[in-house]
Amino acid sequence: MIDDDSDASPKKRPQHRHDSSDSEDEEAKQPEPPRKATTARVVVDIARARDLSEEHGLPNPFCVLSIVQLRDGRRLSDARRTRVAKHTSNPVWQRERFIFEAPISIKELPKLRIEVFSFRTLRKARLLGKAQVALNGLEEGDNEITVPIKLDTVRTGEVCATIAMAPSNE
């Protein structure tokens with residue numbers, strides 16, 4: 001029969017500190033609370049794409065957007081995607097608005113990465129092109145731009161987007 005007071009695992013004993021200098025040292029060693037990163041709200045409206053091409057027939061295009069670090073391209077946000085536009089090389093998306101919270105550094109601002117894919121049933125989507133837009137032109141004064149973004153991995157094709165950035169209210 002096992003006692004109710006006994007336990008199979010060893011019990012931890014409370015540790016008591018009697019030296020006041022130890023507690024002062026511990027207070028001095030405690031790390032500073034982390035500084036809150038400055039963030040900005042980036043709003044992206046994808047309106048349309050133009051002159052998209054695929055090897056065989058018309059593409060079924062959709063865009064994948066994310067915020068990436070300027071220096072190494074590391075993703076700073078979750079990827080978001082538009083709806084698939086069926087069988088067109090000139091898709092128009094309505095009400096495709098994406099809101100990202102982007103960390104802002106004094107040294108550098110992140111970039112918006114836009115990748116355009118063609119949806120294929122039962123196979124991996126095919127990359128049609130991609131582009132990156134630096135957000136550093138948006139931090140002062142003019143906080144919204146509408147720009148056609150040339151896809152840099154194909155001969156033709158561009159995406160038209162409106163990009164706005166404002167400090168986050170945190």
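In plain terms, the chain from C160 to R126 could stretch by 10.2 nm, reckoned as 0.36 nm per residue minus the Cα-Cα distance. Show the residues, 5+ positions off or on another chain, whose built amide H is closer than 5 Å to the amide H of T38. For T38, the qualifying residues are I104. The label point for A79 and the one for K150, both projected 7 Å from the Cα toward the Cβ, are 2.5 nm apart.
If H87, H56 are ordered by their accessible area, calculated over protein heavy atoms with a 1.4 Å probe, which sequence runs from highest to lowest?
H56, H87
The values are calculated or read from the model by the stated rules, or taken from the named source; none is laboratory data. The structure displayed is predicted, hence computed values, not measured ones. Quick reminder, even Gly has a Cβ in these numbers, built from the backbone with ideal geometry, and neighbours come from all protein chains shown. Ligands, DNA and RNA are excluded from the accessible area calculation, which covers all protein heavy atoms including side chains. Shrake-Rupley method; radii C 1.70, N 1.55, O 1.52, S 1.80 Å.
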